[in-house]
1. How do 225, 33, 252 rank by accessible surface area computed with a 1.4 Å probe, from largest to smallest?
2. Cα centroid distance between region 257-293 and region 116-170, in Å?
3. Accessible area of the chain with a 1.4 Å probe: how many percent of it is carbon plus sulfur?
4. Taking just the alpha carbons, could you work out the radius of gyration and Dmax for region 164-217, both in angstroms?
5. Over the C-alpha atoms of region 264-339, what are the Rg and the largest Cα-to-Cα span, Dmax, in Å?
6. DSSP loop (so not H, G, I, E, B), at most 13 other Cβ within 10 Å: list which GluC sites (Glu not before Pro) in region 64-158 pass both filters.
7. Mind checking the log10 I(q)/I(0) for region 204-294 at q = 0.17, 0.25 Å⁻¹? Debye, one equal scatterer per Cα, no solvent, two decimals.
8. If I model region 89-163 as equal point scatterers sitting on the Cα atoms and use the Debye formula, what is log10 I(q)/I(0) at q = 0.16 Å⁻¹?
Amino acid sequence: RMGRSQVECRPDIDTFTPGLLALYESLKPSEVHKSKQKQLVDSLAKSVSKEWPNAQLHLYGSCANSFGTSHSDVDVCLEMEIGTASTVEVLLRLADILRADNFDNVEAITSARVPIVKMSDSGSGFSCDICINNLFAVANTKLLKDYAQIDQRLLQLAFLVKHWAKLRGVNETYRGTLSSYAYVLMCINFLQLREPKILPCLQAMEQTYTMNVDGTECAYFDEVHQLQYFGAENKEGIAELLWAFFHYWAFHHDYRRDVISVRTGSTISKQEKNWTTRVGSDRHLMCIEDPFETGHDLGRVVDRQTIRILREEFERAAAVLQYNDDPCVALFEPYDYEN
Ligand code: ATP
Ligand code: MG
C-alpha cells in the first residue's frame, strides 16, 4: 500500500504523456468503422419503418456520445407510440421482424432493468442493443457529448480509463463492477473538481437546452463552443491526470460518506440522498448519482467484494503510474479473473 498522505506525483510524470496519447489515438474508432456502423443503423431503420412508420431512431451510448472505441457496440433507442402494448411485447415483435430481415443472433432480453433486443451483424462484426422509449439515455448521451467538446483531456482520460477497466476486468456490471457510463461520469466529476477546474458544471449554468423525459426536466447549458478555453488555466497533462484520477479513487474519495455528482459539479452526502442503507439490491457502497435520473445510483451494482476489488485496482493503477519504469505497459496488463 502507498501512504495515504502521498499527494505529489513523480516529477517525471509528463514523460509518459506522449505514450498515453499515442494509445488514446489508437483506441479511437476509424472512419471505416464509423461507416460500417452507419450502414448497420441504416438497414435497421429500414426494417423498423416498415412496421412502425412513425418510429424515430436515436443513437445513444458510446456510438453517439463520442466516448466510443473501435470495440464499442451500437446502442439504438426507438421512440414510438406503443398504445396499450407493453414494451416487452413490442420488443418481441421487433425481434421477429429483425430475424425475418436476416439480422444475426437476434435475442430479446426482457428481464433487464432496461429491456432490449440484442443482435449482431456477422458481416461487420458489430453488435447492437435496441431499447424502446428510453429517452433518459438519449438525454445523457447528449450531455456526455457536450462535456467532451469542452476540453480534450476528458476524452483522453475517459478512453484510457475505459480501456484500463476493460483489461483489468472491472467494467462488468453483471459481476458487480462499473459500466462504461459510470466511468465516464467519474472522469467528468474528477475534472470538475480539479484546481483550477478543467470542466464546468453544465447543469448549474443557464439552461439553453431542455428535454422533458417522463415528467423530469433534463436541462443544462449546451452552448459549449463558448467554453473552449474553460480549462486553459489548468496545465496538467494526461499522465498526471490519469495518476490523480486513480489516486483520488484509491485514497481521497470518502466511500462512507460521499456521492459523486456531475449534476452539482461536486460531491454530496449520502445522508442528503438517503443512500445510507441498503434498499433491496441497491447497497450504495460506492455512490455515483445519475445526472438526470437523480434517484439512480450507478454504483448500485457494487457489493462488499467488488468494492474491495475496485479499490485494490485503483491503488494498483496509482502505484504503477507512480513507481513503474514502464507504466503504460503495466497499467494495462490484462487481469485474468478465472486464474
Ligand atoms: P461502451 O463503449 O462500453 O459500449 P457505452 O457508453 O455505450 O460504452 P454502455 O454501458 O453500453 O456504455 O451504456 C450505453 C448507454 O446507456 C450509456 O451511454 C448511457 O446513456 C446508458 N446507460 C448505461 N447504463 C446506464 C445506467 N445504469 N443508467 C442509466 N443509463 C445508463
Ligand atoms: Mg455501448
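1. Numbers: 225 125, 33 25, 252 95 Å².
From most accessible down to least: 225, 252, 33.
2. 22 Å
3. Values: 7620 of 16080 Å².
The value for the chain is 47 percent carbon and sulfur by accessible area.
4. For region 164-217, the Cα radius of gyration and maximum Cα-Cα distance read 15.3, 39 Å.
5. Rg and Dmax of region 264-339, Cα atoms, are 16.0, 45 Å.
6. Values: sites: 79, 81, 89, 107; in loops: 81.
Counting only loop positions with at most 13 other Cβ atoms within 10 Å, the GluC sites (Glu not before Pro) in region 64-158 are 81.
7. Taken in order of the listed q values, log10 I(q)/I(0) reads -1.00, -1.21.
8. Log-scaled intensity ratios, in q order: -0.77.
The values are calculated or read from the model by the stated rules, or taken from the named source; none is laboratory data. All values derive from a computational prediction rather than experimental measurement. When we count neighbours, we look across all protein chains shown, and the Cβ atoms used for this are built from the backbone with ideal geometry, even at glycine. Just so you know, the surface numbers come from the protein's heavy atoms only, side chains and all, with ligands and any DNA or RNA stripped out. Shrake-Rupley method; radii C 1.70, N 1.55, O 1.52, S 1.80 Å.
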